[in-house]
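Bear in mind that the values in this text are calculations on the coordinates, not laboratory data. These numbers were taken from a predicted model, which means no experiment stands behind them. Every residue, glycine as well, gets a Cβ built from its backbone with ideal geometry; the counts of neighbours run over all protein chains shown.
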Amino acid sequence: MSAGEAGSRASAQIGAARVSGTVAIVPLIGMILPRASWAGTGLDQFLSRLREAADDQSVDSIVILADSPGGLVDRVQEAADAVFAVRAKKKIVAVSDTRMASACYWICSGAHEVVASPSSMTGCVGVMRICMSYAEMFAKDGIAASVFVSRPSKGWNNPYEAMPEEAKAFNQAQVDETDTAFIDAIARNRRMDANAVREIPALGRSLSADAALAAGLVDRIATLDEVIAGLAGRGSTRGVSRSARMAFAGV
């Protein structure tokens, strides 16, 4: 069974797919949501598959097949910690095939190794919250909205009134708090200094495989098939490592 077939089977089944009897593939595909939905991957389902693979005595190693633009922050920190905890039990590798962005990268950074497929985009580290206000548009059209709340902060993010400065500061503080948790998780998982993570150029963007490797966000570049073959003992763990790429470039 090819890695592509294994990935399709993994995303279609409740349990993790197996390749060569020893490698389990746990998919993390589509929009990340706290619970299962047609719109993407529910972290409840992802965690169930991960635990099943970690507890399965016939499985020697786990591959997270990542192809996600990110999603909601709910339960992401818990999922990332769960991936990190699996390291004490089994070899776990996350493969960006072909997108490992934002919340998906947060989760996958907890693996022993993060691998980027050659055409992948990886990273997009950061947090974003969008609050819409229709107050000015409504005023131009002569539409007035009355919003009744038990305390001022209850209605801060409603779209029918202009957001007060206090509410803007509160929202920014929450975004910054979550971003700090994101950065701290990467620093722990990747054994990097948190300030060094913050200083990565274009950290908030998705990076090509080469750029992600140079930034230290991934460990090597290889295809999903190569990663699985190496873990299953059917070949070496092929791919270009960060140290090798830097040495080749004379860095």
**Q.** Per-residue [θ]222 nm for the chain (sum of -39500 (n - 2.57) over DSSP H runs n ≥ 4, rounded to 500)
**A.** -11500 deg cm²/dmol
(Q) Neighbour counts of other C-beta atoms within 10 Å: give me ILE200, ILE25 arranged from fewest to most. (A) ILE200, ILE25
Q. How much length, in nm to one decimal, is gained on full extension between GLU78 and VAL149, taken as 0.36 nm per residue of separation minus their Cα-Cα distance?
A. 22.3 nm
**Q.** Per-residue HN-Hα couplings for the range 177-186 [Karplus 6.51, -1.76, 1.60; θ = phi - 60°; Hz; x = Gly/Pro]
**A.** 5, 5, 5, 4, 5, 4, 4, 4, 5, 4
Q) What is the Cα coordinate range of the chain on the first, second and third principal axes, sorted by size from largest, in whole angstrom? A) 69, 46, 32
Q | Over the range 127-192 - Rg/Rh using Cα atoms and the Kirkwood inverse-distance radius | A | 1.19
Q: Treat every Asp and Glu Cβ in the chain as -1 and every Lys and Arg Cβ as +1, leave all other atoms uncharged, and give the resulting dipole magnitude about the Cα centre to the nearest 20 debye.
A: 540
Q) Where does helix 3-12 land angle-wise versus the long Cα axis of the chain, in degrees 0 to 90, nearest 10? A) 50
Q: Could you work out how far helix 43-55 tilts from the main Cα principal axis of the chain, as a 0 to 90 degree angle to the nearest 10?
A: 20
Q | Amide H partners (placed H, <5 Å) of MET121, local residues excluded | A | ARG99, MET100
Q. Exposure proxy check: PHE148, PHE84, PHE46 ranked by fewest other beta carbons within 10 Å?
A. PHE148, PHE84, PHE46
